[in-house]
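Student: Got a structure for you, questions after.
The values are calculated or read from the model by the stated rules, or taken from the named source; none is laboratory data. Note that this is a predicted model, so its numbers are computed, not measured. Neighbour counts run over all protein chains shown; Cβ positions are idealised from the backbone, glycine included. Each accessible area value is taken on the protein alone, full model and side chains, heavy atoms only, with ligands, DNA and RNA left out. Shrake-Rupley method; radii C 1.70, N 1.55, O 1.52, S 1.80 Å.
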Amino acid sequence: MGEIRKEPFAHLLRKKERIIRVAAQGEPADLVLKNADYLNVFTNRLCHADIAVAEGVIVGIGCYTGRQELDCTGLTVLPGFIDGHIHLESALVSPAEFARAVVPHGTTTIVADPHEIANVMGCDGIQYILEATKGLPLSVRVMLPSCVPATPLDESGAELDYAAIEPFYAHPRVQGLAEMMDFVGVVQAAHAPLEKLTAAALHQKRVDGHAPGLSDGALCAYIAAGVSSDHECTNREEALRKLELGQCIMIREGTAAHNLEALVSLLSPQYDGRCILCTDDKHPNDLLHKGHIDYILRQAVALGADPICAVKAASFHAAQHFGLEDEGAIAPGYRANLVLVEDLKEFAVQKVYRDGVLTAENGKALPFPLPEISPTLIRRSHDTFRVGALTAESFVLTEPRPLIGMLKGEIITEDLGLAHGIEPQSDILKIAVVERHHNTGHIGIGYLKGYGLKAGAVATSISHDSHNIIVVGTNEQDMADAVNRVTALRGGIVVLSGGKSLAEVPLAVAGIMSEETLEQVNDRLEAAKALAFRLGVTPGVDPFMTLSFMALPVIPALRITTQGVFDVTKQQYWKKT
């Protein structure tokens, strides 16, 4: 289960010979799942047979004997679940901790976009993720970040053009180019995004999309440029239009964005062949208490989705889309990535196999060796803050600024005109983004409504996608103190009031990931959330994840960056007239 590598011809030949012998019942299999009810993704029905595994591959369906046999009576065997689009960093823990969390839920493969850490560390961030995911009991496929920074208007820790990322296409776990967030640049045929799209095409790699609300000729131009999927659909009409034009629709249900209910009707025989399930971002509490792809399946079926269509979106269709031709099905020649569940309603996972090896049972991951990360990358990941101490005066305004309106349950915002100052009683707060990579001293300041804070300040170095420090507060002094504390931690989340830090979540790795266990991080995070809510944060708003998206200048309508308030629709910064 280590790094994919080219094996010597003689070894592959012997392996192929044994697979054929076992399939032809000439010798026992390594593993046989006896009396298995299993999902056949080719006929869309549940079948009954023994499933024989040898050399990590499903070799036979029928009646088999094996060195190890497991009676599957009363269970249903499904292909391993695939998350079609996720940012590992959003779990706030190491990739190994993430694997420990999701493997017991039946996830055997994820398609990760490391653009969070790449925006902090550049190519070193991509390499860090590749090394940190090597040999895990979870296959981590990587899509290369397409937008570092997210747009030319943002200030990140690095700028990656097509030449910088192109060498990574040679890596066997790199599947393509990740979400092309600069849809404006693509539609305008800007040079930088077109170079990346062209390089991906030359390497015959997939390109994922990110184009909320794009329509008409602009959408056609975006798709014609080579973008093959979208995970930003928030309603059925938008999804169907993109599907009609040939895009694969990623139905997203994560911590910050919840689109399953609006799109669940696509999980039907008419449309499911062009649908994939994904989470995009998952916080620790969700992973611990809800699950991963299994949670989406439960919710989808509860909302009326056809269970077989839902499972295929969580396995076979994702595998086919990303060119993982030997994953996602239970048939001879496919990898033995298998999930044993109690039924197709609750999807309670009993056992998980990857390449025929048991990786989890009864809700627990089996022990596995941790990946080795080069010392240079470890040192580099712990040295990513270059920002001086701030004072209350750093956040003082002498003129009105735009008021960003948060929308419940969404990461899109609305333009609420201008605000003249902080008014906690009216839920008008000050929001700012502090550049932290190059000590430029840049601070963008605006106002925010919908967050609800009544006292103190909240600051975090998780600030999509450039991961500068974002802070929201009821007064300038607490804002300065919160930012200074984040800097002192070399990354993290801070809830502060009256100059006193009330709760902290240290994030020592690039300012976006912790070195603690998922449980420890979750305890810290939940304690910090509780304090944030006690200080007035609006119920139903994730105090930290939702805040972190306020800095992403590719999602309408208004965002805040180190340069000020940005109008995504007009593609311009606010200026006093």
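Student: Taking the condition of being among the hydrophobic types (A, V, I, L, M, F, W, C), touching an Asp or Glu at 6+ places or on another chain (Cβ under 7 Å) and either without any contact (Cβ under 8 Å) to a residue 60 or more places away in the chain or assigned to a loop (DSSP other than H, G, I, E, B) (or both), how many residues in region 494-513 meet it?
Tutor: Qualifying residue count, region 494-513: 4.
Student: Here's a follow-up. Just to check your reading of the model, which residue among 120, 93 is crowded, with 24+ Cβ neighbours inside 10 Å and within 16 Å of the chain's Cα centre (by Cα)?
Tutor: Within the list 120, 93, the selection yields 93.
Student: Moving on. Within region 98-135, can you find the residues that are farther than 22 Å from residue 384 by Cα, among the β-branched types (Val, Ile, Thr) and touching an Asp or Glu at 6+ places or on another chain (Cβ under 9 Å)?
Tutor: Across region 98-135, the qualifying residues are 102, 107, 108, 109, 110, 111.
Student: Among the residues of region 27-45, are any touching a residue at least 24 places away in the same chain (Cβ under 8 Å), touching a Lys or Arg at 6+ places or on another chain (Cβ under 6 Å) and of a type in the set (A, V, I, L, M)?
Tutor: Yes, region 27-45 has at least one match.
Student: While we're on this one: Of all residues in region 46-61, which are open to solvent by 30 Å² or more (accessible area, probe 1.4 Å) and either free of Cβ contacts under 8 Å to residues at least 24 places away in the same chain or not aliphatic (A, V, I, L, M) (or both)?
Tutor: Result: 48, 55.
Student: Also, quick follow-up: Any idea how many residues of region 530-566 are of a type in the set (D, E, K, R) and either more than 22 Å from the chain's Cα centre (by Cα) or surrounded by fewer than 23 Cβ atoms within 10 Å (Cβ to Cβ) (or both)? Before the answer, list the steps.
Tutor: First, the residues of region 530-566 that are of a type in the set (D, E, K, R): 534, 542, 559.
Remaining after also requiring either more than 22 Å from the chain's Cα centre (by Cα) or surrounded by fewer than 23 Cβ atoms within 10 Å (Cβ to Cβ) (or both): 534, 542.
Summing the residues that are of a type in the set (D, E, K, R) and either more than 22 Å from the chain's Cα centre (by Cα) or surrounded by fewer than 23 Cβ atoms within 10 Å (Cβ to Cβ) (or both) in region 530-566 gives 2.
Student: Pull up region 315-333, narrow it to residues that are of a type outside the set (Gly, Ala, Ser) and not in a loop (DSSP other than H, G, I, E, B), then point me to the one that is most open to solvent (accessible area, probe 1.4 Å).
Tutor: Start the filter on region 315-333 by keeping residues that are of a type outside the set (Gly, Ala, Ser), which leaves 316-317, 320-322, 324-327, 330, 332.
Those left that are additionally not in a loop (DSSP other than H, G, I, E, B): 316-317, 320-321.
On the way: 316: 30, 317: 25, 320: 67, 321: 12 Å².
Across region 315-333, the extreme among qualifying residues is 320.
Student: On to the next question. Which one is least open to solvent (accessible area, probe 1.4 Å) among residues in region 155-186 that are touching a Cys at 6+ places or on another chain (Cβ under 9 Å) and among the charged types (D, E, K, R)?
Tutor: 179
Student: Pick from region 188-215 the residues that are at pLDDT below 95 and closer than 17 Å to residue 246 by Cα: which of them is surrounded by the fewest Cβ atoms within 10 Å (Cβ to Cβ)?
Tutor: 215
Student: When the residues of region 502-523 are narrowed to those that are surrounded by fewer than 18 Cβ atoms within 10 Å (Cβ to Cβ) and out of contact with any Leu (no Cβ under 8 Å at 6 or more places or on another chain), which ends up farthest from residue 118 (Cα to Cα)?
Tutor: 523
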